[in-house]
Amino acid sequence: MAVFNWDALNAEELKAALSAADPGQIAGLDTDYLLEYAAEDTDITWNFYQHILVPALDKFKAYADYHKEQMVSAITHNAIQQLLGIWIDVTYMEQHREKLLLLQEEQMAAIFNHKEIKAGIDSFNQAVLDNLLKSEPEVKYHKIPDRKPEPVKFTKEGQVSRKWKAWYTLEEEVERLTNDPVPLPRYVKFLEKVKDFKDKLALYPNLTDAEIKYYNLFSVKSPDDKRWLFYDALRMPVKVTVFNKHNPDAPKKPSVDESAMLGMGEIGKLFIDWQSSTKELQFIESLVSRLDGDDIFHPQFKIPGTYTGRLSGNGGFSMQILPKTAGFLEAFRPAPGHKLVDIDVSALEPVVLTELSRDAGLLSVYGPNASPYADIYLTVGSRLGNMGQPFRDCGYDYLNPTKEAVAKCKKEHKNLRGIVKKLHLSCIAEGELVQVRRHGLIPIDKVMCGMLVWDGQEWVTTDGAILKGVKDIIQFNNIGMTPDHEVLTNVGWEISERANPLQCIKPKQSGYRWADVWGLVCNIFRVL
Amino acid sequence: MNCKHSQDNHSNQVQVPYAILRPSPNVKLRTKEYKKYPTLPLHLVQSVLYKATVNSTTPIIIDLETTSALAHNKKDAVAAVSLASSHSVVSINVKDNHKLWLAILNYLYTKSVPLIAHNTSFDMAWMLRDFNPNALYYHEFKLFNFVGCTYAMYRHLATEGFRGQQWSLDYAQKTLLQIESNKIERNKKLVEQGLIKKRISNDILLKLLGSEEEVSKYQQSVTERESEDTEDEDTPEED
């Protein structure tokens, strides 16, 4: 066996030579090392359990019991469902894929045939071509080895000065290059590059993703390109911005996700449709590539996988975020003689909320004397003013709800019920003042849809404030907020607990308010 | 083996803001007490496991080394199993010895040994797969007496969410047990045995091995090992 001299490497070289090992690699080690490493891992786990986890479990007996009873059961289910897997009808899936491909082509054509979008994309691609042409090597500075250079001159400082001269115009140069047995390499390369680019541009948008990326052409998959199209070329108003939580200091960018595109009318809809079919196609390809020889898919979950202790997808394919289209879901088939059963807990959040809060209003819906047909979201919705009128029109009476009225409301006003659900679960930090454009400081619960609220950096529209639970608050610049709320200061985004209120950036006023002018006049008189 | 205790190098340890979990800097690994069994006759399995697990004041920690991360992949198998109790650590080679592995599983099942693993979901899936090859429904699986998962506990009891927070055993080792990780040493060993799939550049290999002859020899051995692996994959399974 070769003897390695690891000390010869510096830190960077060592990092380049080593890469993370997966379980398969460890298992390939010689038996001595394999057993040593296995024993060591187990010993570390034992120490971790005994010295770190057990003292914590002793303090939290309720959690210890929950873990032993509930968590282990969930883990067992997870392991078994991974082993058993679920059968996928590949033939059906393939048919659905072909339909989707056709649909995607139509959607793509619709995007590129849209007059405004086409103009924007054409100008983008033309700019790329212009940039390429600008990089054209200038003939007069070319070094042409086979031609006569001017004699070498020596400057006063003793440095060599070479001056290359052009003997040809560009056209002559091209002709010369065509006939010259020894062409000028740099220029030929440039001409080839331009020709290649123009050939590809003629085929656009029927190019592969790799080609589009290579030639820097407009990509409908690139968020930055879409950002340019929507906000620079088509001048769409910026309503939602992206906040990078991993890099709070990074400048905010306008959002190009579905929620932002929803407000862009026809153009946004074209992109949303195309994105949803693209996403579904990606899911299909990913799923099919993970099937075993019997067309069984073995779902994997990380348990727990989130900060809140919920499951998350694992193994490169998440079963929790599947496209909810009939064509895709219908490919999941039960084993012969069996049925697939769909289980969903009814109104989990409000039931838990009722249990914890013992709120009288909630108890009227979920309490012991509540009507079995009461629906919390319809109850809340029907008590709202204009917004609740459709529910009342359907016959929903929150004091005496009927089965028929509930069914009618759910069927005819599904979206409205969804909005009320968001409103209800999103409770409001009542009474807190926020800066609203043209209204000044008003309680957050009075903020209406469409109002412009100061977020610390800019005025943004909002669909309403959302309750994130009950927490202690601190006063920051006379605004009550949680200690971890982020505020913008002149040294960047900071959590309110750590931020200096004096450094906080205040909203820009669009003009003088009468109150300000009156205050100023009074002050002047006081001074005089 | 390669672990050094943090007391030698305390200043280099990562300090992390855990709210519930408290670091324990005085932990020592039982490096000299590891009992390793490269081969273990079947008739000794019971007595070895009995000694390893009986009278333990804690549940038994189990860890498997496997040929891949996918338990549902029938071509892959368990290569080694290790058990740690309050008084000993045992490590058994089960590579190419399915009967021995089944005997171990049988012991753990019949004696209902209380087990814990770091990411129990992973280890349990391998154990259930090999112990219940014909099970088609949940109720047909003969279950082991798992009583917890250190990964799940770690995840639930450390939800701070600070930047760079991890829940791997390696991270717990560094931040909470404050024992230096030997991951680099392990990776070096994997390179030496030609197991790391990422190709190492010739310049680095030359520095490591000193001569071009040695480099070509090493590369040849890696290629041979890879071709052996490919042949194994191509071989049809015997049912």
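Quick notes
- Scalar couplings 3J(HN,Hα) for the range A:380-391, obtained by applying the Karplus form with A = 6.51, B = -1.76, C = 1.60 to θ = phi - 60°, are 5, x, 5, 8, 7, x, 4, 4, x, 4, x, 5 Hz; x denotes Gly and Pro.
- Using a Förster distance of 60 Å, the FRET efficiency for A:K279-B:Q46 (Cβ separation, nearest 0.05): 0.65
- Evaluating 6.51 cos²θ - 1.76 cosθ + 1.60 at θ = phi - 60° for every residue in the range A:210-224, the Karplus couplings come out as 5, 5, 4, 5, 5, 8, 6, 6, 5, 10, 6, 8, 8, x, 5 Hz, glycine and proline recorded as x.
- Distances between placed amide hydrogens fall under 5 Å for A:V242 paired with A:K253, A:S255, all partners being 5 or more residues away or on another chain.
- Separation in nanometres of the label points that stand 7 Å from Cα toward Cβ, at A:Y214 and A:R333: 4.0 nm
- Residues B:T39, A:T402, sorted so that the one with the fewest Cβ neighbours within 10 Å comes first: B:T39, A:T402
- Mean residue ellipticity (222 nm) of chain B, computed from DSSP H runs ≥ 4 via -39,500 (n - 2.57), nearest 500: -11500 deg cm²/dmol
- Around the amide H of A:M451, modelled in the peptide plane, lie the amide H atoms of A:T462, all under 5 Å away and 5 or more residues distant in sequence or on another chain.
- Beta bridge orientation in chain B: antiparallel %, DSSP, nearest 5: 55 percent
- Here the peptides A:390-397, A:354-361, A:251-258 are ranked by packing, the mean other Cβ count within 10 Å, and the order with the highest first is A:390-397, A:251-258, A:354-361.
- Rounded to the nearest Hz, the phi-derived 3J(HN,Hα) couplings of the range B:56-73 under the Karplus curve 6.51 cos²θ - 1.76 cosθ + 1.60 (θ = phi - 60°) are 6, 7, 10, x, 8, 8, 10, 9, 10, 10, 10, 7, 7, 8, 9, 5, 7, 7, where x marks glycine and proline.
- Residue list for the range A:259-300, given a label point 7 angstrom along the Cα-to-Cβ vector of A:A109 and an amide N cut-off under 11 Å: none
- Extent along the principal axes, Cα only, for the range A:1-120: 66, 54, 35 Å, with the longest axis given first.
- C-alpha center-to-center spacing [the range B:113-142, the range A:350-393] in angstrom: 44 Å
- Residues whose amide H lies under 5 Å from that of B:Y37, counting only those 5 or more places away or on a different chain, are B:S91, B:I92, B:N93; hydrogens are built 1.01 Å from N in the peptide plane.
- Across peptide A:292-299, the mean count of Cβ atoms from other chains lying within 10 Å of each residue's own Cβ comes to 2.
- Eigen-decomposition of the gyration tensor built on the alpha-carbon atoms of the range B:151-226 gives equivalent ellipsoid semi-axes of 38, 13, 11 angstrom, largest listed first.
- The convex hull around the C-alpha trace of chain B, projected and averaged over every direction, spans 17.1 square nanometres.
- Relative to the current alpha-carbon distance between A:K193 and A:D32, full extension at 0.36 nm per residue lengthens the span by 52.3 nm.
- Peptide-level mean, for A:389-397, of C-beta atoms on other protein chains within 10 Å: 0
- Per residue of peptide A:122-129, the mean number of Cβ atoms on other chains within 10 Å of the residue Cβ is 0.
Read the figures in this text as sums done on the coordinates, not as results from a lab. Small disclaimer: the values here were computed from a predicted structure and weren't measured. As a convention, Cβ positions derive from the backbone with ideal geometry for all residues, glycine included, and neighbour counts pool all protein chains shown.
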